[in-house]
Protein chains: 2
Amino acid sequence: MSQVTSTDLYEITMALSYVREGMRAPATFSLFARNLPPGRGFLVAAGLEPALDYLSEFRVEKSDTDEFAQVMHLPPEDLATLRGLAFDGQVRAVPEGRLVFAGEPLLEVTAPLPQAQLVETYLLSLVCHQTAVAAKAGRCVLAAAGRPLVDFSLRRCHGPEAGSQAARLCAMVGFAGTSNVAAAARYGIDASGTMAHSYIECFPSEEDAFRAFARTHRGPLTFLVDTYDTDRGVVAAARVLSELARGPGCGIRLDSGDLGLLAHRARETLDEAGLRDVRIIASGGLDEYAVDALVRDGAPIDVFAVGTRVGVAADAPCLDAAYKLVEYDGAPVMKLSSAKVTAPAPKQVFRGPGLQDVIGLETEEPPEGTEPLLRTVMRDGLRTGPPDDLGAARARFEADLGELPPAARRIEGPVPTAPQYSARLEEVTAQVRERLESRGRHGRPEERTEPTGSADPASA
Amino acid sequence: MSQVTSTDLYEITMALSYVREGMRAPATFSLFARNLPPGRGFLVAAGLEPALDYLSEFRVEKSDTDEFAQVMHLPPEDLATLRGLAFDGQVRAVPEGRLVFAGEPLLEVTAPLPQAQLVETYLLSLVCHQTAVAAKAGRCVLAAAGRPLVDFSLRRCHGPEAGSQAARLCAMVGFAGTSNVAAAARYGIDASGTMAHSYIECFPSEEDAFRAFARTHRGPLTFLVDTYDTDRGVVAAARVLSELARGPGCGIRLDSGDLGLLAHRARETLDEAGLRDVRIIASGGLDEYAVDALVRDGAPIDVFAVGTRVGVAADAPCLDAAYKLVEYDGAPVMKLSSAKVTAPAPKQVFRGPGLQDVIGLETEEPPEGTEPLLRTVMRDGLRTGPPDDLGAARARFEADLGELPPAARRIEGPVPTAPQYSARLEEVTAQVRERLESRGRHGRPEERTEPTGSADPASA
């Protein structure tokens, strides 16, 4: 499936129109989340690296224009004018791993209008998905309070590629491993996993199963203990682990029931057997809420394996993100309709201590003591440096997390940090609004006298 | 990325163990949803066609075993024993498009144990995702009550491939089109889309934008009218559409605000301009709840474009589905732990009128007046027939939907139809439970006297 045709039809109809009208002036689009979903105190910038891969390779080939023509029921030559269009623009972006908030551009693309438009859908699909999942995974890291986490999400993700990205994003926020073999190999993540309930069921008894597993695998062993009765499973596992003495790194996994209670009883059984270094791994429908509750209750769980709810960011699987035109041919632009007003002009995010952010114009000087978040990562369609490293992204995440205010760190009812707008950005926004209104393209008469009121005609 | 390594590591450790222990007897695994998510009165069987593609191509190559060895930190020759394993088993499955309920097998795989185990993760990832999205899309069809729906979800889906599947699944339940070009071409779906707000913003006025679009595109036109002020946008669109007289198929699109109210006013404006055949298309955060409310309020909306919330099945993005071993080497097996008891043995679903289903043994005779849902779709690793047709799946969906009881059809608070278990299946379940318990592998003493009580030690 071509990356170029993996797009909304309207990108093609608009690009065609622009090319036919000779509208190839530079346009800047800004990709940002309008709001944070409930239950999120922060987002984690993600999706940039795949986005840059996509833009580096973006070029409309004849096979693509043929596909456009096919679905538009047009002769192929009608689409020929788009052939050879490649992405040759500039990208400024927040590096992966940084915490971001509502209204902050994650990515700004500046390119000739047709190209800048054509890449909208694919960029949104990468960034919306990955930022949503990274934020969910980041909350699990907060909840685990230093205990290791492992990603078990592949089977619930929206297809294998989504699963691979989930593993990458979990690693980006500090997970210790993934069950996903392909992702582990692709991204250099530790792979994790031993046996399912079906394994146990294929043997006459749990103990037979554990012994067979040990016969066929060297090194540390992890036994799944909840196939029939967890307490008895722990006893069987302890017996086999004691006899085999495979050294450190062995564990048992609990996958159902009251994990806190079972972990307490399992710890006791293991300790009594002299297996103090055998770890307890918990899995089964865990998310940041469940992990938080277990940690606060002092459950003796050494590793949390999270899957289902994290890989799809179950409580907020999509982000209300937009790719908005903010400047065309040197003039700032904005949309005024109902409740979706967006500030015009290319922007920068200036980050102060404690993640106190100011969203300003790209051209502004950074206020003292602040750091600009958006970096130029692509120029003339080429990356400005080598691909980013997952470890570097993790370091950025950890540094930002260390600065995150307590209200935004909360697992229950977090309150995200609200960025401020700079005086210059407020000024430009007011000017553009005035210009649009004075051209008579906007507003019913009564609204003109109250320019700060709601632009939603339905609320008038 | 290899389809074979896109799996959980434990599938590999188990398969290795089976091969080393010489355990290659036939195993049957059953893939089913344990429960329906809240807000679902039914599921729509989906993911089978991609699953059969996957199984047809499944073969462990040297590059795969090298990748296994890499992530397991083992010498490549340790994994050589898995090389050349191909899927050569049988698959019985519910054809795509059929409505299914909790506990009903969507798919049963019978193959030598290592192969049957190795395909677990990938099959779950396809079927969980697609069945969840198809069910959500199916509810939109109920809500739209005959009005056409279009899929706009690509940008919010979990990556481009998930977007392509969303388009396919929406078409499967009867959507009229998709914005997704690649999916439209791949699956023969009508493509839909014209312009974004950014298009309007690139011109001095809305009317200029509409005229430019008309100059550069032949055929019917759809104008987006809510960039600045929706009522004025409709007036401008009506003026241009009247002048150009492009014939039937033209429309306007509302993308924000109170869609019902705006649609009423837009209809009035259009009718007054003699544009009775210009359609009103609504989009912007719609799902089955919003569509239902608009339809019940009599909003004059001709087409609903749904995206964000449908493509990711926002309120239930993952399914609590399992791939459970139900028979190994001719003996039925089951898991007894906490609240996850599953019935043993290969199964069949016998569907009666009104979708009154009985889950029974595969070997049972269909009760009179019922139809078996699972068909043999693969034998010896080969499809038993040509790939299924999207139109055939749609026909199955429509037929089942016509039989769905009112409680399960409800948009708010649906109550799913509950399948019954056959007497034979209950019998076998009891026998296997007794066998497992008598082997002393399960249960604390007090539980033995109450075999029908909870198997969850935490609740004891």
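Would you tally the residues in segment A:167-184 being farther than 16 Å from B:Thr65 by Cα, part of a helix (DSSP H, G or I) and within 10 Å of another protein chain (Cβ to nearest Cβ)? Counting residues in segment A:167-184 that are farther than 16 Å from B:Thr65 by Cα, part of a helix (DSSP H, G or I) and within 10 Å of another protein chain (Cβ to nearest Cβ) gives 0. Please specify each residue of segment A:48-64 satisfying the condition of being within 25 Å of A:Gln90 (Cβ to Cβ) and either over 29 Å from the mean Cα position of the chain (by Cα) or not hydrophobic (A, V, I, L, M, F, W, C) (or both). Within segment A:48-64, A:Glu49, A:Pro50, A:Asp53, A:Tyr54, A:Ser56, A:Glu57, A:Arg59, A:Glu61, A:Asp64 meet the criteria.
Of the residues examined, B:Gly89 is one that is under 21 Å from B:Lys347 (Cα atoms), more than 9 Å from chain A (Cβ to nearest Cβ) and surrounded by fewer than 24 Cβ atoms within 10 Å (Cβ to Cβ).
Counting only strands (runs of 3 or more DSSP E) that fall entirely inside segment B:313-391 and contain at least 1 residues that are among the aromatic types (Phe, Trp, Tyr), the qualifying elements are B:321-328, B:347-351. Kindly list the number of the only condition in (1) surrounded by fewer than 24 Cβ atoms within 10 Å (Cβ to Cβ); (2) touching an Asp or Glu at 6+ places or on another chain (Cβ under 7 Å); (3) farther than 22 Å from B:Ala143 by Cα that fails for B:Leu325. Against the list (1) surrounded by fewer than 24 Cβ atoms within 10 Å (Cβ to Cβ); (2) touching an Asp or Glu at 6+ places or on another chain (Cβ under 7 Å); (3) farther than 22 Å from B:Ala143 by Cα, B:Leu325 comes up short only on (1).
Residue-by-condition table, conditions (1) within 16 Å of A:Thr308 (Cα to Cα); (2) modelled with pLDDT under 95; (3) part of a helix (DSSP H, G or I); (4) among the small types (Gly, Ala, Ser):
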{"site": "A:Val150", "(1), (2), (3), (4)": "yes, no, no, no"}
{"site": "A:Gln165", "(1), (2), (3), (4)": "yes, no, yes, no"}
{"site": "A:Arg186", "(1), (2), (3), (4)": "no, no, yes, no"}
{"site": "A:Arg211", "(1), (2), (3), (4)": "no, no, yes, no"}
{"site": "A:Arg215", "(1), (2), (3), (4)": "no, no, yes, no"}
{"site": "A:Gly219", "(1), (2), (3), (4)": "no, yes, no, yes"}
{"site": "A:Val235", "(1), (2), (3), (4)": "no, no, yes, no"}
{"site": "A:Pro248", "(1), (2), (3), (4)": "no, yes, no, no"}
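Can you spot a residue in segment B:386-403 that is buried (at least 22 other Cβ atoms within 10 Å of the Cβ) and modelled with pLDDT of 95 or more? Yes, some residue in segment B:386-403 is buried (at least 22 other Cβ atoms within 10 Å of the Cβ) and modelled with pLDDT of 95 or more.
Within segment A:94-127, restricting attention to residues that are buried (at least 24 other Cβ atoms within 10 Å of the Cβ) and small (Gly, Ala, Ser), which residue is modelled with the lowest pLDDT? Of everything passing the filter in segment A:94-127, A:Ser125 is modelled with the lowest pLDDT. Among the residues of segment B:203-217 satisfying the criterion of being buried (at least 24 other Cβ atoms within 10 Å of the Cβ) and at the interface with chain A (Cβ under 7 Å from one of its Cβ atoms), which is farthest from B:Leu149 (Cα to Cα)? The residue in question is B:Glu206. The set of residues from segment A:218-262 being of a type in the set (A, V, I, L, M, F, W, C), within 11 Å of chain B (Cβ to nearest Cβ) and under 38 Å from the mean Cα position of the chain (by Cα) comprises A:Leu221, A:Leu224, A:Val225, A:Val234, A:Leu254, A:Leu259, A:Leu261, A:Leu262. Only one residue in A:Val133, A:Val141 is of a type outside the set (Gly, Ala, Ser) and in contact with a helix residue (DSSP H, G or I) (Cβ under 6 Å, 6 or more places away or on another chain), so which one is that? When all the criteria are applied, what remains is A:Val133.
Yes/no matrix, rows are residues, columns are (1) more than 9 Å from chain A (Cβ to nearest Cβ); (2) in contact (Cβ under 8 Å) with a residue 40 or more places away in the chain; (3) of a type in the set (Gly, Ala, Ser); (4) touching a Cys at 6+ places or on another chain (Cβ under 9 Å):
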{"residue": "B:Val312", "(1), (2), (3), (4)": "no, yes, no, yes"}
{"residue": "B:Gly330", "(1), (2), (3), (4)": "yes, yes, yes, no"}
{"residue": "B:Leu355", "(1), (2), (3), (4)": "yes, yes, no, no"}
{"residue": "B:Val358", "(1), (2), (3), (4)": "yes, yes, no, no"}
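Remark: B:Arg424 falls outside the filter, which requires a residue to be surrounded by 18 or more Cβ atoms within 10 Å (Cβ to Cβ) and part of a helix (DSSP H, G or I). Among the numbered conditions (1) more than 7 Å from chain A (Cβ to nearest Cβ); (2) within 28 Å of B:Asp320 (Cα to Cα); (3) not β-branched (Val, Ile, Thr), the only one that B:Leu74 does not meet is (2). A single member of B:Leu16, B:Leu9, B:Leu31 is more than 8 Å from chain A (Cβ to nearest Cβ) and modelled with pLDDT of 95 or more, and it is B:Leu31.
Looking at segment A:406-417, can you tell me whether even one residue there is modelled with pLDDT of 95 or more and on the phi > 0 side of the Ramachandran plot? Yes. I'd like to know if segment A:51-62 contains one or more residues that are surrounded by 22 or more Cβ atoms within 10 Å (Cβ to Cβ), touching a helix residue (DSSP H, G or I) at 6+ places or on another chain (Cβ under 9 Å) and within 30 Å of A:Pro416 (Cβ to Cβ). Yes, the conditions are met somewhere in segment A:51-62.
Residue selection: A:Ser164 satisfies the criterion of being facing another protein chain (nearest Cβ under 10 Å) and free of Cβ contacts under 8 Å to residues at least 24 places away in the same chain. When B:Thr269, B:Thr308 are checked against the criterion of being within 14 Å of chain A (Cβ to nearest Cβ), touching a residue at least 12 places away in the same chain (Cβ under 8 Å) and over 26 Å from the mean Cα position of the chain (by Cα), B:Thr269 stands alone in meeting it.
The values are calculated or read from the model by the stated rules, or taken from the named source; none is laboratory data. Quick caveat, the model's predicted, so the values are computed rather than measured. Note that we place each Cβ from the backbone using ideal geometry, even for glycine, and neighbour counts take in every protein chain shown.
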